[in-house]
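What follows is a short report on a single structure.
The values are calculated or read from the model by the stated rules, or taken from the named source; none is laboratory data. Computed from a predicted model, the values in this text were never measured in an experiment. Neighbour counts are summed over all protein chains in view; Cβ atoms, including those assigned to glycine, are modelled from backbone coordinates with ideal geometry. With ligands, DNA and RNA removed, areas are computed over all heavy atoms of the protein, side chains included. Shrake-Rupley method; radii C 1.70, N 1.55, O 1.52, S 1.80 Å.
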Amino acid sequence: MALLSACGGGADQDTEPSTNSATSADAPSGTPSLLDEWARHADSGQPLVVDGEDATEAHLGKAARLNSEQLGEFQRKSAYAQKSGVLTPKAFTGLVSVYRFLNRQTGAHFYTSSESERDTVIATMPQFVFEGAAFLVSPVAQDGLLPVHRFFNTVNGVHLYTISEDEKNYIQANLPRYVYEGVAYHASPVGGVGLKPLFRFYRSDRGFHFFSADHNERDNVIANLCAYRYEGSSYYVMDPAAVTEPPAATPNAVVLVVGDSLSQGYGVSINGNPYSFVSPGKVWTQKLATEIRARTGRACNRLVNVSVGGMRTDHGLARIQGWLNQYAPTHVILAQGANDAWQNRGVWSMEANLGAMAQASLAAHARVYVMDFAFYPKGSAYRQGMTEMYQRVATNNAGTYFAGSGGIPFTSTYYHPDQVHLKDAAQPAILENVWQTLLPSF
């Protein structure tokens, strides 16, 4: 039994504060300036790729979205049929219980509709705590029901269940560690009288799924067990007492920041160069990761910062789909473009890349925010052109534009001599600019 080139050129045409107008000429002969240092952050031009466990997580996230989308299509068809009088309530017979176990060693749950499998686990596997009957299903095909497929994860010994043929096919094509074990039972892809949703969660740090037909348990997990990502309804199981849909869930917010050193603050750039423009703990993204929980009163709201120093918009575009799949964000902040500007890449290419990232984010059902950091080294005309570009991206892709560095004086108190990177003193203002933009969505 299977259980479980050079950096941006161009002289500044503005009359900017002399305390913040460093160029290569500012440094003594033979001593690299900040601009020279920044030139080292340009990478080899090779695209970033999703690899290792990230690839598995991205595939699992994509699979979950396929399940959700296919269920949504069933629901739309069902609503149309009910409105037109075609669909009639179904009476299901011969229902059986699905039994639930907790593995005390791993924290994963095991589900089976087989009484013999249930009894074997109870008798021979003491690490499994029997939690009783969890919900009702049909062991055979009936009108209005579809097969629920069962997969076994050969790496960690857990199971995955799906009613979606799209998800089943995707898993078989992309996740070889999941071995198909056949049809586990039959359930409904749509709700109705006598049916209730089976809610689905995924825990990425342990690599397993959790299922519950109890909406109170669902809400408790969402509110208190932050390691579990809510993935919506898996399908509908039987409950003779069910006459209405349970209250809708309020999923936690996941804010994904796709940026560069202006969002990462310090660390190692994409080609291995260490850098630090902001002190550890002072970066606006680090502060937002805490504030997003404190200010909303929801302990499991979170920020995922995939920003890396040196990233350009083409790098972001190369990885955005993997990040969307892996993290299932509710909000996406696109905060890139400074490195394109440094390397004299066309504004048109920035706009195209950011627009494509925005479209991918919208397709993943996330809100889109386009963040503009003032770029001073090339003068006011260039800076204004970038701002207009960011505004077009937001307008043309159902997004929200905001100025991340808005209201921050262009002085040496707030800016490094490279005229782009902001110091510790500027980070609280950036945080507030971001927060006030996000606030209406919480």
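Conditions (1) charged (D, E, K, R); (2) under 22 Å from VAL179 (Cβ atoms), marked per residue:
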{"position": "PHE92", "(1), (2)": "no, no"}
{"position": "LEU95", "(1), (2)": "no, no"}
{"position": "TYR99", "(1), (2)": "no, yes"}
{"position": "MET125", "(1), (2)": "no, yes"}
{"position": "PHE130", "(1), (2)": "no, no"}
{"position": "ARG150", "(1), (2)": "yes, yes"}
{"position": "THR162", "(1), (2)": "no, yes"}
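Of all residues in the stretch 255-278, exactly one satisfies the criterion of being among the hydroxyl-bearing types (Ser, Thr, Tyr) and in a loop (DSSP other than H, G, I, E, B), namely SER269. Of everything in the stretch 121-145, what is outside any strand (DSSP E or B) and open to solvent by 20 Å² or more (accessible area, probe 1.4 Å)? Give them in sequence order. Listed by number, the residues that qualify are ILE122, ALA123, THR124, MET125, PRO126, GLN127, PRO139, VAL140, ALA141, GLN142, ASP143, GLY144.
The single residue among TYR382, TYR390 that is among the aromatic types (Phe, Trp, Tyr), in contact with a strand residue (DSSP E or B) (Cβ under 6 Å, 6 or more places away or on another chain), buried (at least 17 other Cβ atoms within 10 Å of the Cβ) and more than 16 Å from THR285 (Cα to Cα) turns out to be TYR390. ASN252: part of a loop (DSSP other than H, G, I, E, B) and at pLDDT 95 or above, yes or no? So ASN252 passes the test.
Results for (1) within 27 Å of the chain's Cα centre (by Cα); (2) modelled with pLDDT of 95 or more; (3) among the aromatic types (Phe, Trp, Tyr); (4) not in a helix (DSSP H, G or I), shown as yes or no for each residue.
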residue	(1), (2), (3), (4)
ASN353	yes, yes, no, no
MET371	yes, yes, no, yes
PHE402	yes, yes, yes, yes
THR413	no, yes, no, yes
TRP435	yes, yes, yes, no
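Under the condition of being at pLDDT below 95 and touching a strand residue (DSSP E or B) at 6+ places or on another chain (Cβ under 6 Å), the residues counted in the stretch 308-318 number 1.
The residues on offer are SER276, SER261, and the sole one that is exposed (fewer than 15 other Cβ atoms within 10 Å of the Cβ) and more than 30 Å from SER97 (Cβ to Cβ) is SER276. Go through the stretch 179-217 and give me each residue that's among the hydrophobic types (A, V, I, L, M, F, W, C), over 12 Å from TYR161 (Cα atoms) and assigned to a strand (DSSP E or B). If the condition is that a residue be among the hydrophobic types (A, V, I, L, M, F, W, C), over 12 Å from TYR161 (Cα atoms) and assigned to a strand (DSSP E or B), then LEU195 is the only one that fits. Screening ARG298 with (1) assigned to a helix (DSSP H, G or I); (2) under 17 Å from ASN224 (Cα atoms) gives one miss only, at (1).
Across the stretch 245-253, not a single residue is classified as closer than 21 Å to LEU60 by Cα, of a type in the set (Asp, Glu) and open to solvent by 50 Å² or more (accessible area, probe 1.4 Å). Restricting to the stretch 146-157, what's the tally of residues that are open to solvent by less than 50 Å² (accessible area, probe 1.4 Å) and modelled with pLDDT of 95 or more? Result for the stretch 146-157: 7. Which one is farthest from PHE74 (Cα to Cα), of the residues in the stretch 218-236 that are in a strand (DSSP E or B) and either open to solvent by less than 30 Å² (accessible area, probe 1.4 Å) or of a type outside the set (Ser, Thr, Tyr) (or both)? Per the criteria, the residue is ARG229. For beta carbons closer than 9 Å, sequence separation of 6+ or different chains, a first residue in the stretch 153-165 that is under 11 Å from PHE110 (Cβ atoms) and a second that is among the β-branched types (Val, Ile, Thr) and assigned to a loop (DSSP other than H, G, I, E, B), the qualifying pairs are GLY157/THR106; VAL158/THR106. Among the residues of the stretch 279-292, the one identified as among the hydroxyl-bearing types (Ser, Thr, Tyr), surrounded by fewer than 24 Cβ atoms within 10 Å (Cβ to Cβ) and not in a loop (DSSP other than H, G, I, E, B) is THR290. With the condition kept exactly as written, say whether any residue in the stretch 315-335 is surrounded by 24 or more Cβ atoms within 10 Å (Cβ to Cβ), farther than 15 Å from ASN397 by Cβ and either over 19 Å from the mean Cα position of the chain (by Cα) or of a type in the set (Val, Ile, Thr) (or both). No, every residue in the stretch 315-335 fails to be surrounded by 24 or more Cβ atoms within 10 Å (Cβ to Cβ), farther than 15 Å from ASN397 by Cβ and either over 19 Å from the mean Cα position of the chain (by Cα) or of a type in the set (Val, Ile, Thr) (or both).
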